[in-house]
Amino acid sequence: MSSKTMIAPGIKRIQFDSFDSWLKARHGIGGSDASAVLGLSPYKTNVDLYLEKIGQRVPADISGEDYVRYGHDVEPLLRSLFALDHPEYKVEYFGDNMIRNEKYQWAHASLDGELTDQDGRKGILEIKTTNILQSMQREKWRDQIPDNYYIQVLHYLLVTEYEFVGLRAQLKSVWQGQIRLETKDYHIERSDVEEDIEILRQAEEEFWQKVEKRQQPNLILPEI
């Protein structure tokens, strides 16, 4: 069962009554798929994603992994902390829901939270948790957002047409038996990334056309 609410002309929120119902409705390209479309995912190639979308490969089930469970369980706590740290925003969360935009039939977005600023502008809240095992991982977060997460929020901006993104990252490391947590907040204005959103839109549209036509895309290799 699901219910639909129009949140803007041509943009609707579908609210599901369970996680399983939400899971079954994820047809198309979601935020976690977007970086693979561009060949910038550390987890799968664009060809891997294509094979998943045409049903020839089953995505790995990582739901039982410790880091996934930790990220899931800590998300509402980090969302509450973000709200406390940023009283300038109204912070909302809609649970098992999906946003779809009739302009982009292949795309969907499920957000960790939604923001409204003091001028009434709508924004996206994205929450990331990372277990830092190597210094190289920490460097990827130094004054920037890692490419795959940046592309994910671009995808959400495309689907929702919201005006900005607030991303909270919790970097966790263990040193000499002690847990160390570092919190980083990043802000992205839509007006600053319109060109990147358009590049992603074109790439996703072309990718989904290949999925519909069963035409395997050329493998995109990462730059060395």
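Data table
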read-out: Amide H partners (placed H, <5 Å) of S41, local residues excluded; value: A36
read-out: Table column - 3J(HN,Hα) (Hz), region 32-43, Karplus curve with 6.51, -1.76, 1.60, x for Gly and Pro; value: 6, 8, 4, 5, 5, 4, 8, x, 10, 8, x, 10
read-out: Estimated distance in nm for a label pair at Q178 and D73, the labels positioned 7 Å out from Cα along Cα-to-Cβ; value: 2.4
read-out: 15 Å reach of a label modelled at N131, 7 Å along Cα-to-Cβ, counting backbone N of region 58-88; value: 62-74
read-out: q = 0.23 Å⁻¹, region 1-97: log10 I(q)/I(0) [Debye, one scatterer per Cα]; value: -1.27
read-out: Equivalent ellipsoid semi-axes - Cα gyration tensor, region 54-140, angstrom; value: 26, 23, 13
read-out: Among 68-77, 165-174, the order from most to least packed when residues are scored by Cβ within 10 Å on average; value: 165-174, 68-77
read-out: Viscosity 1.002 mPa s, temperature 20 °C, Stokes-Einstein D of region 79-200 from Kirkwood C-alpha radius, µm²/s; value: 138
read-out: Scattering profile of region 126-184 at q = 0.19, 0.23, 0.30 Å⁻¹ [log10 I(q)/I(0), Debye over alpha-carbon scatterers]; value: -0.72, -0.93, -1.31
read-out: Potential extension, D85-Q144 segment - 0.36 nm per residue separation minus Cα distance; value: 19.2 nm
read-out: Counting DSSP beta bridges with both ends in the chain, the antiparallel % (nearest 5); value: 75
read-out: 20 °C / 1.002 mPa s Stokes-Einstein diffusion coefficient of the chain, Kirkwood radius on C-alpha pairs, µm²/s; value: 115
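Every number in this text was worked out from the coordinates using simple rules, so none of it is lab data. For clarity, every value in this text was computed on a predicted model and none was experimentally measured. For neighbour counting, all protein chains shown are included, and Cβ atoms are generated from backbone atoms with ideal geometry for every residue, glycine included.
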